[in-house]
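The values are calculated or read from the model by the stated rules, or taken from the named source; none is laboratory data. No experiment lies behind these values; they were computed from the predicted model shown. Glycine also receives a Cβ, built like all others from the backbone with ideal geometry; neighbour counts cover every protein chain displayed.
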Amino acid sequence: MIMKGKKGVILGIANKKSIAYGIAKACQEQGAQMAITFLNDRFEQKLAPIAEELECGTRLYPCDVSRPEEIVALGEALERDMGQIDFIVHSIAFAPKEGLSGRFVDIPKDAFGVAMDISVYSLIEVVRELKPILSSSSSVLTLSYYGGVKHIPNYNLMGVAKAALEMTVKYLAEDLGKDGIRVNAISAGPIKTLAAAGIGDFSFLLKWNAAHAPLRENVTIEQVGNSGMYLLSDLSSGVTGEIHYVDSGYNIMGMPAVLFDEDGKSHIAWNGELK
């Protein structure tokens, strides 16, 4: 199995619809041993059955990344229970609701700071605290979205945070490469997750992506999970600093397909049909 003998930690599973769960499941199926984290007591109860399914044993740890002491405690627990680890999955992002609606120019400064702290700086902090127990051929993976490259309606502050996250991946990759640590991101297409529930008109976004992506469909957490497993495994040993798109090809499109009716009027094409 591709991940046999590999040990790691997954931060950010909320439920079985989470992208992080898809990655964890793919890694487990390929022989990896894992620990997972939870945000608070409510999530601990929800994640206990998932930890059992993923064969984590008692390796279910609290980690609210807004509390530096919990990141330090996570490192200590992982070293105690697992020794050296080979991979980290960082699937954590948050922006206050006022950063995801209204005019972008009106976003409050404190909301901006919270989004950057949780969605971006936490990657740096987690890697720094866990670095002493990372193996010399380890892999770090985080999750991004196309809204960090191009404007996406209602994504607002998270788009800026994802842009910062993607550059953080590249700077970390250069800095940690000398230590044998690879750092990459997956830019996944829209998926109906708990995090996506905070984005306005998300159902339309799903329809638009499926209609205009080259593969004419949205991706699944299983597809993203398999790509994540590849980036965490030795199969990608020569890959670092990359933003790997798993979005049915949507990111390559410059504009929607256009069809013309019998009167010569143009219409946006949805799956090759006039709408």
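Of the set (1) within 28 Å of Gly254 (Cα to Cα); (2) buried (at least 22 other Cβ atoms within 10 Å of the Cβ); (3) of a type outside the set (Ser, Thr, Tyr), all apply to Val160 but (2). Among the residues making up the stretch 1-38, none is modelled with pLDDT of 95 or more, over 21 Å from Asp234 (Cα atoms) and exposed (fewer than 14 other Cβ atoms within 10 Å of the Cβ). Close Cβ contacts (under 8 Å, 6 or more residues apart or on different chains) running from residues in the stretch 211-229 that are crowded, with 22+ Cβ neighbours inside 10 Å to residues that are in a helix (DSSP H, G or I) and among the charged types (D, E, K, R) comprise Gly225/Lys25.
Looking across Val140, Val114, Val65, Val89, one residue alone is under 19 Å from the mean Cα position of the chain (by Cα), on the phi < 0 side of the Ramachandran plot, part of a loop (DSSP other than H, G, I, E, B) and in contact (Cβ under 8 Å) with a residue 12 or more places away in the chain. It is Val65. Residues in the stretch 224-253 that are part of a helix (DSSP H, G or I) and either out of contact with any helix residue (DSSP H, G or I) (no Cβ under 8 Å at 6 or more places or on another chain) or hydrophobic (A, V, I, L, M, F, W, C) (or both): Val224, Ser227, Met229, Leu231, Leu232, Asp234, Leu235, Ile252. Somewhere in the stretch 97-107, is a residue modelled with pLDDT of 95 or more, in a loop (DSSP other than H, G, I, E, B) and either charged (D, E, K, R) or surrounded by fewer than 15 Cβ atoms within 10 Å (Cβ to Cβ) (or both)? There is no residue in the stretch 97-107 that is modelled with pLDDT of 95 or more, in a loop (DSSP other than H, G, I, E, B) and either charged (D, E, K, R) or surrounded by fewer than 15 Cβ atoms within 10 Å (Cβ to Cβ) (or both). The single condition from (1) of a type outside the set (D, E, K, R); (2) touching a residue at least 40 places away in the same chain (Cβ under 8 Å); (3) surrounded by 21 or more Cβ atoms within 10 Å (Cβ to Cβ) that Pro132 fails is (3).
Table: residues versus (1) farther than 26 Å from Val105 by Cα; (2) modelled with pLDDT under 95; (3) of a type in the set (A, V, I, L, M).
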residue	(1), (2), (3)
Ser136	yes, yes, no
His151	no, yes, no
Arg182	yes, no, no
Ile191	yes, yes, yes
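Within the option set Glu70, Glu76, being assigned to a helix (DSSP H, G or I), touching an Asp or Glu at 6+ places or on another chain (Cβ under 7 Å) and at pLDDT 95 or above holds for one residue only, Glu70. Considering each residue of the stretch 39-54 in turn, at least one proves to be polar (S, T, N, Q), assigned to a helix (DSSP H, G or I), exposed (fewer than 13 other Cβ atoms within 10 Å of the Cβ) and free of Cβ contacts under 8 Å to residues at least 60 places away in the same chain.
Taking the residues in the stretch 143-174 that are among the small types (Gly, Ala, Ser) and closer than 17 Å to Gly12 by Cα as candidates, determine which candidate is farthest from the chain's Cα centre (by Cα). The residue in question is Ala161.
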